[in-house]
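Single-structure report; data block below.
Read-outs: derived from the displayed coordinates by stated rules, not from any lab. Just so it is clear, the structure is predicted and the values come from calculations on it, not from any experiment. Note that each Cβ is placed from the backbone with ideal geometry, even for glycine, and that neighbours are counted across all protein chains shown.
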Amino acid sequence: MLQTKLGVIQLENPFILASGVLGVNAALMLRIANAGAGAITTKSIGLEPREGYNNPTVVELGGGNILNAMGLPNPGSKDFVEEIKEFKKQSVKPIFASIFGKDCQEFCEVARIINKAQPSAFELNISCPHGGKYGAIIGQDSALVEEITREVKQITKKPVFVKISPNLTDLSVPAEAALAGGADGIVLINTLRAMAIDITYRMPILANKFGGLSGPCIKPVALKCVFDLYAKFGKKVPIIGVGGISSWQDVIEFFLAGASAVQIGTALAYYGNVEQINLFSDFAEKIKTYLKQEGFTSITELIGLAHENSEM
């Protein structure tokens, strides 16, 4: 009832761990997989180890909303190959390797190294709002997006998904560029560019001055982005919806907008009084009940229904 597909990738349920949240080593990724996630997305991995920005890097805004500027900290591609291999030894669930680079050459170098671990798919992070030359600046250049996608596709036989930034006027431009380069699907969205200022010290709170906003407050933005892209491409382009999902109803909304799967991130840190990772099994049971009550046999029957019903 909850099985879904992203191209050739079969998921037992549509819940994918979002990049940057707990996907930092094999042990944590296995814990999430064993808790019921349908797939895992790793922390974004670059060519060399990177410490990220100095503290403060996180501002809690209340209501599960977070402003962060971590600066893409990661252990580097060579070390992370072993983490993916270890995960695969103990789990058959799909693992998406999120990678980043400052240019096409660096993306390709990372892809070649990570491909040695044979992840289930790649997610190209061209949309980090605070990554400087490693971030959304790449996603603003459609020619570069197409080039990076095409070159990575030549390195690996695995599916390649491209993560698009919401901090653009028209998301269809980088999406079309990614698809022209051979992308197998699109991930929408990354965090929104934002900031917070301390009124006592009268200066930005984050060391990087600004960062990325995540949490329930960005869900309406993410939902609109998914809706718009599905309206343009339909079911021929698998869309992974991500941004502010904190309830099973949110998951249903994303499917109705046109997503074929969802990624869940900050909700893992803000989920009532139960242990956070239990949300996967909780969501699964409640969505099954909803589907049965509404007369559906599969969650995939919901994909894009908001478009059809709004045209009636």
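Taking every DSSP beta bridge with both residues inside the range 4-310, roughly what % is antiparallel (nearest 5)? Beta bridges within the range 4-310, antiparallel portion: roughly 40 percent. With contributions of -39500 (n - 2.57) from each DSSP H run of at least four residues, the per-residue ellipticity at 222 nm computed over the chain stands at -10500 deg cm²/dmol. Going from the residue with the fewest nearby Cβ atoms within 10 Å to the one with the most, ILE199, ILE95, ILE148, ILE84 rank ILE199, ILE84, ILE95, ILE148.
In what order do LEU305, LEU229 fall by count of nearby beta-carbon atoms within 10 Å, going from fewest to most? Walk me through the numbers before you get to the answer.
Working: LEU305 15, LEU229 24.
Result, fewest neighbours first: LEU305, LEU229.
Residue order for PHE122, PHE233, fewest other beta carbons within 10 angstrom first, comes to PHE233, PHE122. Per residue, the average separation of C-alpha pairs within less than 8 Å and at least 6 apart gives the chain a relative contact order of 19 percent.
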